[in-house]
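Colleague: Here's a structure for you.
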Amino acid sequence: MKALIFAAGLGERMRPLTDHTPKPLIEAGGKSLIVWHLEKLAAMGVQDVVINTSWLADRFPVVLGDGAHWGLRIQYLYEGDTPLETGGGMLNALALLGEAPFLLVNGDIWTDFDFNRLPREPQGLAHLVMIDPPGYATHGDFALDPAGHVRGDGERRLTYAGIGVYRPALLDGWAQHVDDHASIAGNGKPRFRLAPILRAHMPAGRIHGEHHAGRWTDVGTPERLADLNRELSR
């Protein structure tokens, strides 16, 4: 299995920390956020990792190299000055990921979730890891029914953790499912969000998932980073 790490965000809410360091390279607990992921990927047998980049893209190979330190092969995929959003970023990376299911993880999260729990072959088009909504975003994203299907609505809404296994076929016919936020970036590549694509396949039961009750942090602000560092130091 190959892996894709989303690392193209601008990190605007993390300024001034991200003025000279892209958010996934910020350290928590003594190592970069993205390194926590690379270690887990290597431990589960992943060998090839694609990292999409935009803001301060040149910093990633300087810090991470070619991945040999972890027994990985890293390919960097520059999206341009404007990140392509989650859907556009995934579409842009498919040529490097191949035709088999791949693991996706957001580069700016920290979690104790065990990547080995993920299925190598999702039952449908995607298998998402869901968490209880954090205090700063209590609405949630999707619901998870007793059979493990992810639904657009439900009695108990959960938050997508930024971790999942995806089949490239999820993006077949993507253009008919995008929302009003879709656009074309300055480099001519499509820029669109992934959530509407997932929602389009939910009624047919093609999106599955699981609930992670453990530790998870979206390191989106300096305050959350400070909280995470305090937690990891204990």
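The values are calculated or read from the model by the stated rules, or taken from the named source; none is laboratory data. The structure presented is a predicted model; accordingly, all values stated were derived computationally and were not measured. Neighbour counts are summed over all protein chains in view; Cβ atoms, including those assigned to glycine, are modelled from backbone coordinates with ideal geometry. Please note that ligands, DNA and RNA were not included when accessible areas were found on the heavy atoms of the full protein model with its side chains. Shrake-Rupley method; radii C 1.70, N 1.55, O 1.52, S 1.80 Å.
Colleague: Provide the three semi-axes, in whole Å and in decreasing order, of the ellipsoid equivalent to the chain as defined by the square roots of 5 times the Cα gyration tensor eigenvalues.
Modeller: 25, 21, 18
Colleague: Which of the DSSP-defined H helices in the chain satisfy a minimum axial length of 15 Å, computed from C-alpha atoms, and a minimum mean Kyte-Doolittle hydropathy of 0.0?
Modeller: Once both thresholds are applied, what remains is 33-43, 85-97.
Colleague: How many percent of the accessible area of the range 108-175 is carbon or sulfur, using a 1.4 Å probe?
Modeller: Roughly 49 percent, rounded to a whole number.
Colleague: Please quote Rg/Rh for the range 83-156 to two decimal places, taking the Kirkwood radius as Rh and restricting both calculations to Cα atoms.
Modeller: Using only Cα positions, Rg/Rh for the range 83-156 is 0.96.
Colleague: What does the charge count around Pro133 come to, taking other residues whose C-beta lies under 10 Å from its C-beta (Lys +1, Arg +1, Asp -1, Glu -1)?
Modeller: 0
Colleague: Here's another thing I want to ask about it. Using only Cα atoms, locate the centre of the range 75-143 and the centre of the range 171-234, then give the distance between them in Å, rounded to an integer.
Modeller: Rounded to whole Å, the Cα centres lie 6 Å apart.
Colleague: Would you calculate the convex hull of the Cα atoms in the range 75-120 and tell me its volume per residue in Å³?
Modeller: 103 Å³
Colleague: What trypsin sites (Lys or Arg not before Pro) in the range 76-158 are in a loop by DSSP, with at most 14 other Cβ atoms within 10 Å of the Cβ?
Modeller: Arg120, Arg156
Colleague: Taking the solvent-accessible surface of protein heavy atoms with a 1.4 Å probe, what is the per residue accessible area of the chain in Å²?
Modeller: For the chain, the solvent-accessible area averages 46 Å² per residue.
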